[in-house]
Every structure is written in C-alpha cells, then in structure tokens.
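Remarks on the structure that follows.
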Amino acid sequence: MIGKKIGNRYEILALVGGGGMSLVYQAKDIYLNRIVAVKVLREQFTSDNEFIRRFRREAQAVASLSHPNIVSIYDVGQDQDIYYLVMEFIKGKTLKEIINEQAPLPIHEAIDIAKQICDALEHAHENAIVHRDIKPHNIIITRGGRVKVTDFGIARAVSTATVTHTRGIVGSVHYISPEQAKGEITGEKSDIYSLGIVLYEMVTGKLPFEGESPISVALKHIQMEPILPSQHNSDIPASIEKIIMKAINKNPDSRYENIGKLRLDLMAALLDKVTGFPSGYLDNKPIKDKPSEITVSDDTLIFEDNNFIETENSVETQEIKTRKLKPVGYVFITLFSIILIGGLLWGVGKMFLKEEIAVPDIVGLAAPEAQRILAGKNLKMEITSKIPHSQVKEGNIISQEPKPNTKTKSGRTIQVVVSTGPALVSVPDVVGSSQIIADVNISNAGLVVGKIDYKYSSQYASGIVMGQFPESNKMVPEKSKVDLVVSKGPEPRNISMPPLVGLDLNKVEARLQEVGLVLGKITKQKSELYPKNFVIEQSPVAGKEVFQGSSVDLVVSEGPGPTTQQARVVLKLNESGQVKIEVRDVKGTRIAYEKYHQQGDVFAVNVNYFGQGVISVYIDGNKIREEVVPSQQ
C-alpha cells in the first residue's frame, strides 16, 4: 500500500498501526495538502456484504459527530475493492501505552482523562450513537494532554484474543459490560461500564477480570464481583472508589443514569466533594471510613460514635481508685462530673438538634441570587471553583452540593461550582476550502456555520469559500457562528454558442461545462448519417449569442449510423516530402495515411469515411489538395 494513491486523493505514506479488522496508514491529502490517517478494511472482510453495508452506514453516522475529544472522520470511500475511512491524524500515545508505562496514574490525571472521555461519549449519546468498544487502545492522548476517542460505531469482533462476536456479543472482552457478554441489547450504560473498567485500570494498573480465554473473562463480567480498587492501591480516595464501583455495577439500572452524571461526580471528586450515591453495590458492601473522634480531655472522656467512654489508663485515675477519698472530695468530684457531663451533653444536643431544612435548587441561577435564596433559608454559600460551560451563562451556578431537596441542618454551607461562560476556541482558517470541508473544520473546532452568502468570483472556483467572519485565529466562545462567503464561480456573460453537431455525447458534456453551459433535454432519433450517440441537431444553433448558465437541448442519433465508404486518392509527386492524408467526417477528424515519398513517385491510397467527408492532402504540412466526398446512401 505504501506509495499508492487511494480515491485519487490520499497518498499512502506509512503504516502506523492496525487491528483484527483494519490497518491504519499515515497519508497525505493531496487536495488540501494535509496529513491524515486512512483506515483500510482488511482484505478478508471486503467480500462480506453485510459487514461492508454496516461499515459504511455507521461510519457515515459517526462522521456527523463533531467534538474536540472525538477523532474526526473526514471521508468514507471505496477504491475498487479497498474500503477506507479518512480520519484526523493525531500525534500522541494510546491510553493503553500510557497505562503500561506509568500505571497507576495520579488520581487527578486519571480523573482528567476520564472526564474528557465522558465529554466525548456525552456528545455521541446525544446523537444516538453508542461506542460499544471503549478501551484504552481506542483512546489517544495528544502531546498537549487532549483526549481523542476513536473507533466509534464500527467495532466488530474479529480477533478471538481481544474481541468476541458470538450471537451478537460486540466489544473487547476485558472491557465489555455484562449485558454485552450475554449478547443482549447494549445502550449508553454499556459505555459507562466500559469507562468504569478503564478508570479502574488507570488508578490500579490492573484489570478487574483476567482469564485464560476470552470466554472465561466474559463469564467473570457476568458472575463475579471485582476486587475493590483500594485493595490494589491504598492511595485511591474513597470517593473515586465509589464512582468506579457504581459505574461497573453489574445491574445497568444501578449504574449512573447517564454519562453526564458520571462526569459531574468525577469533577466533584477532583474537588474532594463527591455527590451522594443512590442505592447500589456500595450500599450492600459499604466502604468504611475512619470514625470521627472528639477528644474531651487527655485521659478522661472520649466522644466516639456518639458514645461516652471512660478510660482507665491514666495515672491519676488509678490513684483515685486506690486511694480512699474524703467525703468532701466525693462531693466535689460528683458535682464537677455532673457539671462537665451536663455541659457537654447540652453542647452536643445543641449541635445535633438544629432545625432540618430542604436544600433549595439553585442550579442555573446567578450566584448573587442563589446566595440570597440560601440566606433566606439560613444557609451559606461557598464557591469551590469556576469552570467554563457551553450552556450555563457566566456567573451562574453549574452544580451544588448537597443536591436540591436534600435535608440538611440550618447554618450549613452549600458548595457550588460557577460557570465562567463558554470556553474560548480559535476560529479555523477555511478560506480556500470547499464549503463541505469548511463545514467539517468549523464543527470540529466547536463552532457552528452561520449565514452563508454566495457571490461571483473570478479568483475562486464555484463552491470554494472566499471569505469568513470572524476571521481565522480569532478567539470566540464555543458554539459561536462563523459566517461564510462562498464563490459561485465567474460571473455569467454572453458567449457564442459552440458547434456541437457531429460530436460524441461524452465530448459534448465536457465542452458545455468548459464554456459554462448546461446540458438540457436529450431526444433520440434514428439516423443513417450519424453514428449512435452522436449529436444530430442542437438548440440554440451554433454561433448564436447565449447567456452562460443557459441549457442546451440536443437531438442524438440512436443508430444505425452510416456505413463505411471508400474513396481512392491517386497522387503524383512533383517534390519530395512527408505525405499526409487527412479525412473529416461524421466521426471526426483523423489521419488516414502518412509516409515520406520521393519526387516523381506515383501511388494510390484507399481512404475510408462515414457519410459525407472531406479528404485533405498535405506535403510537409502544406495543404496541396482538398476534396469533398459525398455520401452514397
């Protein structure tokens, strides 16, 4: 494949990778002068019509996705028996390579990678596309730390070592959900499960299920509970462990409701403030946190789990027990103990008997308004972070903890994340690109195509972008509109109608396109003068002034056409030279004879022609004779 040109456009430069289904090459797009990745279907699958149909349908569906965390698909095509996808070429490493080199990854790094995968999957799910094969091998990390998810929608089992495909099972065996392993219908929650497995592997360096064969691994996904991540890595926070175990719950209903909610918990965990978890795996097998302890005095009373415990390990306590106390001492100690215990109980009671209130819903509100509402409920507000958000306005609340309608004590602080507005992105340079490519590049940048104005141009061909607003490299908010000016080609003008009678229909179409005219109605008619598919009549007639863009109607011969006729040309040369005999007839102009002769040579040449013809004789390029030969039909 190296050096081959696919689709008359993509020049294959080098093999960069491959799997059981396809090979991936680095290639050059000679039209746009850029480097791309070309994924070519392996030869053994090109005869599987069902697979090819699915390959095309799903690849075209995924090509409609446009997100910074998804590898863009530029083109889908076929060149003879080669089926291929043209994708964005990414310089970086797969997440699997990074895990093999560095695992366990730092918690903040693993969360950042998982969050970006969530962003990609959320966009796909919103467009009704389920990945079905999320695994570290399909996740590329660029040199700048940007996550790129690839292989959307076209995963199909091929290699028994990594992928299963039995009665509808689709996905890499170490990362498939239990429902995939059973061959059941998969949905968005299957992607959540696979992402949970990837997160498990990132923070532990291990897979939750291993086996001697793909089938044994698949059965473990269905039947066995995984080892808690913290047993592999004791540095994993309880919050991250809860997120992982919720995502890989065997029951889809007990997983996250959608990928967006998983993303929110990951962000909260990054701030060490995790949202609540509904019933599921962790309710049956809780992760025990260290109990809170409040020391009242060094060796007398400890408040632990709401119980008072009197210790007996102090020197003073032992002395009191072994020493006989005086009556006054008994009274003093008794009063002191009553006061101490009573005061402590009063303080604890006051702390725990505060009024319980429902936390109001402040998500989406401006921060000052949210603070005013909370203050009215005797609650406080703390802004824990400010982050970009494509849908929440700057200064408004993105999320809150505790969640709305949760019961809490008065005086509690509600922690919120505030939007800084949409993230700023750079406007791509699309001037000089076709309108379709411009649309793709604008979408890939996180922007949308706005107003399109079509204008004539002598500089840009029809369909090419000749102007844009905002200009390239300007920083604008995500989802901003980019207006385009697209060329309609040169401005139409009056031209002389070219002669078309006697031309083959294929040549006529090229000729009309060349002068800016459009092929109109075609009528077929029997003719013995003109061969099949040759033009008999044209309207408008040759030489008439017409406006560019006008349509031209034709009458075309459907045969049988003229029979071959013959004329005899006799020559006596008065000079030496290169003799050429040329014939023009309904089939065009061609050379019937060409040879060098000496002065005084006498010879005869039989010339074939169709219908009426014109025979011309040249010596060294000079015409010495021309004769019209009539049709004998």
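Coordinate-derived values only; no laboratory data. Only a predicted model underlies this, so the values are computations on that prediction, with no experimental measurement involved. So basically every Cβ, Gly included, is an ideal-geometry build from the backbone, and we count neighbours across all protein chains shown.
Things to note:
- Cut-off under 5 Å, modelled amide H: who pairs with residue 431 long-range: none
- Considering the stretch 424-487, its Cα convex hull presents a mean projected area of 3.5 nm².
- Applying 1/(1 + (r/R0)^6) with r as the Cβ-Cβ distance of residue 382 and residue 225 and R0 = 45 angstrom yields a FRET efficiency of 0.75.
- Other-chain or far-sequence residues with amide H under 5 Å of residue 83's (modelled H): 41
- Residue 424-residue 11 FRET efficiency (beta carbon distance; Förster radius 35 Å; 0.05 resolution): 0.45
- C-alpha center-to-center spacing [the stretch 63-128, the stretch 597-631] in angstrom: 70
- Sorted by Cβ density within 10 Å, fewest first, the residues 263, 56: 56, 263
- Dimensions of the stretch 356-419 based on its C-alpha atoms, expressed as ranges along the principal axes with the largest first, amount to 35, 18, 16 Å.
- By the count of neighbouring beta-carbon atoms within 10 Å, fewest first, 369, 401 end up ordered 369, 401.
- The stretch between residue 406 and residue 45, if pulled fully straight at 0.36 nm per residue, gains 124.4 nm over its current Cα-Cα span.
- Per-residue extension of 0.36 nm, minus the Cα-Cα distance of residue 568 and residue 34, leaves a gain of 186.2 nm for this segment.
- Cross-link partners of residue 39 among lysines (Cα-Cα below 22 Å; sequence separation of 8 or more within a chain): 4, 5, 28, 91, 93, 96, 135, 148
- When the convex hull of its Cα atoms is projected in every direction, mean area for the stretch 574-633 (nm²): 4.1
- Extension gain, residue 481 back to residue 2 (0.36 nm per residue minus Cα-Cα distance, nm): 168.4 nm
- Ascending count of other beta-carbon atoms within 10 Å, so fewest first, for 195, 228: 228, 195
- Rounded to the nearest 0.05, the FRET efficiency derived from the C-beta distance between residue 233 and residue 454 at R0 = 56 Å is 0.40.
- Highest-first packing order for the peptide set 82-89, 131-138, 246-253 is 131-138, 82-89, 246-253, based on the mean count of other beta carbon atoms within 10 Å.
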